[in-house]
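So the structure is just underneath, and the comments pick up after that.
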Amino acid sequence: MRIARTAVLALWVLSLSPSALAQPRRKIIINEDCSGPGGSNMQTLLTLIQSPQVEVLGITVVSGDQWLREEVAHTLRLLEIIGRTDIPVMAGAEFPLVRTRHEAQLWQQQFGQVAYAGAWDDRWWHEASVIPPMPEGQPTTKPADGDAPHFLIRMVHKYPHEVTIYEGGPMTNLALAISIDPQLPELAQELVFMGGSLNPRSDNPEFVNNPRHEFNFWFDPEAAAIVLRAPWKKIVCTPTDVSVKVKMTAEFVNRIESARTPIARYIAKYAMLTPGADIMWDELAAAAWIDPSIITKADTRFMSVDLDHGATYGNTLTWPETANPAPATQKVEIQFDVDTQKFYRMFLQLMSGPTPAR
């Protein structure tokens, strides 16, 4: 079995372009609200882990779509299934910096119900300490010692100017890390995140009445504001405007399943279980970091988050590159269009191939 696996991996490596083989693996930390099983968050972990061009230094987990403890359990179990328990999983923030569920409920009573509230959503609400039954089975491994903010700090100091921070959930962990060590953004290579919303062309109820509303910002607006005003060398944003253009369909799941690998079986079984799983929110941000040519249109703007506790609290704020609103506001490269077929081909190849060894 090991010989066969080695042979398959060798063929996979030989299929890569010479330029891909010549490049050193790019270091990344995945900061994600790792809801599961399956769905966009788990498939984003797989996108980055499966790429032979990428070295995942660790996965830092934050509450968002689900609560922290169940997200950590889903992450550990996924790594067991694909044979990559060498990747450290770090537990991070269980709650937002300021916002509480009670405050968010009062806000919705006054300004309107949101279509999706993540871990706070009444449809599946439970206390943060509870881990519901896991369809994929309980993990036997444990998270690494320490916490997510200090892990982020430690890695950028260990590999200065080499580590990309990928952010696919609320930005609480990053805000805490920056508050502990303000040097973190300057030591990182770049920040790549899925979040924010400008004017998505979608019938998704989350954006119909308020196109500037996006869950990752809304769940912890203060954290997002801290992170976006930090002096990163480069910030790349995959907003809802482009995410809604790539979708996981039953036909696409069947194509992945035909690979018969542990990953393919996992996706076939769990891909469509979580709310909003048809949209590949975070996978696109990860794939576009691996291969930027997937994105066909982008624009540079200043970006922040509305911290007024009124009707627009948590909304995405943007200004043209020529109209800097404040010295602390940073330029962000915002993606707006995608070569969907190129993205689907890449995702299918990654999900169908063998998992690279450590």
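Restricting the calculation to Cα atoms, the range 39-195 yields a radius of gyration followed by a Dmax of 16.3, 49 Å.
Please give the charge dipole size of the chain, origin at the Cα centre, charges +1 on K and R Cβ atoms and -1 on D and E Cβ atoms. Round to the nearest 20 debye. Display every interim value, and only then the final one.
Working: 31 positive and 40 negative charges, 259 e Å.
About 1240 debye.
Measuring r between the beta carbons of T100 and A144 and using R0 = 30 Å, the FRET efficiency lands at 0.60. Listed cross-link partners K158/K234; K247/K269; K142/K245; K142/K234; K27/K331; K234/K269 are compared with a 27 Å cut-off, the Cα-Cα value being larger for K142/K245; K142/K234; K234/K269.
Kindly work out what percent of the DSSP beta bridges joining two residues of the range 25-352 are antiparallel, to the nearest 5.
On the way: 14 of 39 bridges.
Around 35 percent antiparallel, to the nearest 5.
Note on N324/H157: beta-carbon distance plugged into 1/(1 + (r/R0)^6) with R0 of 45 Å gives a FRET efficiency of 0.90.
If I take every Cα pair under 8 Å that is 6 or more residues apart in the chain, average their sequence separation and divide by the length, what percent do I get for the relative contact order? Before the final figure, lay out the partial values.
Working: 717 pairs, mean separation 73.2, N = 358.
This gives 20 percent for the chain.
Across the range 111-225, Cα-Cα pairs more than 17 Å apart make up 68 percent of the total. With R₀ fixed at 22 Å, the C-beta to C-beta distance from R201 to T300 puts the FRET efficiency at about 0.55.
A dipole drawn for the chain from +1 and -1 charges on Cβ atoms has a positive end, and of P139, A311, S129 the residue lying farthest that way is P139. Tell me the net charge near S352. Cut-off is 13 Å between Cβ atoms, S352 excluded, with +1 for each Lys or Arg and -1 for each Asp or Glu. Local net charge: +3. In the range 312-358, one over the average inverse separation of all distinct C-alpha pairs is 15.0 Å, which is the Kirkwood hydrodynamic radius. Loop-resident trypsin sites (Lys or Arg not before Pro) (DSSP state other than H, G, I, E or B) in the range 48-128 with no more than 13 further Cβ atoms inside 10 Å of their Cβ: R123.
From the convex hull of the Cα coordinates of the range 222-326, what is the mean projected area in square nanometres? Please report the intermediate quantities before stating the final value.
Numbers: hull surface 37.2 nm².
If you wrap the Cα atoms of the range 222-326 in a convex hull and average its projections, you get 9.3 nm².
A dipole drawn for the range 211-272 from +1 and -1 charges on Cβ atoms has a positive end, and of Y270, C237, S258 the residue lying farthest that way is S258. The spread of Cα positions in the range 146-289, taken along each principal axis and listed from longest to shortest, comes to 46, 41, 24 Å. Normalised by 2.2 N^0.38 Å, with N the number of residues, the alpha-carbon radius of gyration of the range 143-202 equals 1.27. If you add up the charges near V338, with Lys and Arg at +1 and Asp and Glu at -1, over every other residue whose beta carbon is less than 9 angstrom from its beta carbon, what do you get? Cβ neighbours under 9 Å give a net charge of +1.
A Cβ-based charge dipole, computed about the Cα centre of the range 291-343 with Lys and Arg at +1 and Asp and Glu at -1, lands at about 40 debye.
Readers should treat all values here as calculations from the given coordinates under stated rules, not as data from a laboratory. This structure is a prediction, so every number in the text was calculated from the model and none was measured. Don't worry about glycine lacking a Cβ; one is built from the backbone with ideal geometry, like all the others, and counts go over all protein chains shown.
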